[in-house]
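Input: a single structure, listed below in structure tokens.
The values are calculated or read from the model by the stated rules, or taken from the named source; none is laboratory data. Computed from a prediction, not measured in an experiment: that's the story for all the values here. Counting neighbours? That spans all protein chains shown, and the Cβs are built from the backbone with ideal geometry, glycine included. Keep in mind that these areas ignore ligands, DNA and RNA; they rest on the heavy atoms of the full protein, side chains included. Shrake-Rupley method; radii C 1.70, N 1.55, O 1.52, S 1.80 Å.
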Amino acid sequence: FVRETRRILFWGAGLPASALVAAPLTFGMSLGLFGLYPVSAFRAYRSVRGRRDARDSLVYAAFTTLGKWPEAIGVLSYGADRLRGQRRGLIEYK
């Protein structure tokens, strides 16, 4: 899942951190990077539009895009735990 993890880290941590850190240096213009999120949502919408109705596709696209932040938190906390030598149990959903 290397490709998926890279995508999560880019959209959920890298892009927001870059935009916020660069904001003072670019007089806030780097905050325009947040405009890439609607582009990502549109791509997700377009990818499922043929298989679902329009409303379901919009909901899917919105939550897929919003879900990148909690996913990034999970990936980063997992990595931090591994660096500290801690292991958490497997989370299973029933």
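Under a 1.4 Å probe, what is the accessible area of the chain per residue, stated in Å²?
81 Å²
Suppose R0 equals 22 Å; then what is the FRET efficiency for L58 and Y37 from their Cβ-Cβ distance, rounded to the nearest 0.05?
Taking R0 as 22 Å, the efficiency between L58 and Y37 is 0.95.
Looking at the calculated P(r) for the chain, what percent of the C-alpha pair distances fall above 15 Å?
That tail contains 69 percent of the Cα-Cα pairs.
If you average the sequence gap of Cα pairs under 8 Å that are 6 or more apart and divide by the length of the chain, what percent do you get for the contact order?
Result for the chain is 32 percent.
Place the peptides 4-14, 21-31 in order of packing, highest mean first, counting for every residue the other Cβ atoms within 10 Å and averaging per peptide.
Per-residue Cβ counts within 10 Å, averaged per peptide and sorted highest first, yield 4-14, 21-31.
Calculate the FRET efficiency for R6 and F27 from the Cβ-Cβ distance with a Förster distance of 30 Å, rounded to the nearest 0.05.
So, using R0 = 30 Å, E works out to roughly 0.50.
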